[in-house]
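Worksheet for the structure shown next.
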Amino acid sequence: MDYALIWYALIGLAVLIYVILDGFDLGIGILFPSAHSKQERDLMMNSIAPVWDGNETWLVLGGGGLFAVFPLAYAVVMPALYAPLIIMLLGLILRGVSFEYRFRTKRGIFLWDSAFFIGSLMATLMQGIMLGALLQGISVEGRAYAGGWFDWLSPFTLFCGLALMCAYILLGACWLLIKLPHDLVNRYYSLARRWGVALVACIVLASIWLPFTNELIALRWFSFPNTLILIAIPIGAGLCIWQLFESLLAHRAVRAYLFAIALFAISALGFGVSTFPYLVPFALTYQQAAAPDSSLIFLLVGAAVLLPLIIAYSAYSYWVFRGKLKHDEGYH
């Protein structure tokens, strides 16, 4: 059995779940300055209060799993992405602190509102930049990172940061459509449509940019018979986009949110197809970077116990706090 492949899939799944779950609350943080009143900002924050810290569990699982299961990949990727990773973590810390402090002050609430927005924006942009750095490839020589301090900073990585910002804002707007009281949601339908259009434009541009700049990706997508099989991915993305905008126009909030998630999942599938079997594109495969099978089996037993528990308590928290918020309730 290929235990390394199982872990490759599990870590990919953990990262995808993190992007989907933490994506909407980061998107809400970026949307924070657009709120028309303090009461609206309180409701926006209260919509994620029960779940935001639990969402970040998946980030710990993805990062910790990479360290334990693919130590060589961790040793290569960390030096390549130290700067954006540290900035991302600082952004997440700033968000967490501002979340608690803004409900404990009146005079300084504008400072913590700004901190919540800045922390969300920092974390989002850095996540997109790191994704872009992986897609453009990491320089490796002799099982070690061979690039410079600022290889992660390029026009393509900045574009990926912008694309992820559009994606998170779309998710955040769709979440607010579900959670905010009826008298506040109309504006977010138009916001979701505008940022959805921006995201679609970014997806189209990335789909053109990557094959033209990377021969391996071009061969993967545009060689026979791969093209006949992989054409299902852009078709599926097109269907999700169509249903997403149809749902937004029809004011069907839950359906719009689900199709936004489906678009994320299809985009992640496209990323996996473009880079497989590389764990460090395009230098180390998952097999080259994996720990010994004995370690993978031991860790897989732990994951078989812990993953269902994480999924269960996450699902339970979402179920308990389901439904729309009322104007006079929430975290204080």
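Some points to look at:
- Residue in the range 203-220 that is of a type in the set (Gly, Ala, Ser), more than 20 Å from residue 117 (Cα to Cα), open to solvent by less than 80 Å² (accessible area, probe 1.4 Å) and touching a residue at least 24 places away in the same chain (Cβ under 8 Å) present: yes
- Matching residues in the range 77-121 - criterion: being among the hydroxyl-bearing types (Ser, Thr, Tyr) and open to solvent by less than 80 Å² (accessible area, probe 1.4 Å): 98, 105, 114, 120
- Qualifying residue in the range 133-140 (condition: polar (S, T, N, Q), open to solvent by 40 Å² or more (accessible area, probe 1.4 Å) and in contact with a Gly (Cβ under 6 Å, 6 or more places away or on another chain)): yes
- Members of the range 47-68 found to be open to solvent by 10 Å² or more (accessible area, probe 1.4 Å), under 25 Å from residue 104 (Cα atoms) and not in a loop (DSSP other than H, G, I, E, B), listed by number: 52, 53, 54
- Top-ranked residue in the range 221-236 [being hydrophobic (A, V, I, L, M, F, W, C) and over 20 Å from residue 258 (Cα atoms); ranked as most open to solvent (accessible area, probe 1.4 Å)]: 224
The values are calculated or read from the model by the stated rules, or taken from the named source; none is laboratory data. None of these values were measured; they are calculated from a predicted model. For neighbour counting, all protein chains shown are included, and Cβ atoms are generated from backbone atoms with ideal geometry for every residue, glycine included. Calculation scope for accessible area: heavy atoms of the full protein, side chains included, ligands and nucleic acids excluded. Shrake-Rupley method; radii C 1.70, N 1.55, O 1.52, S 1.80 Å.
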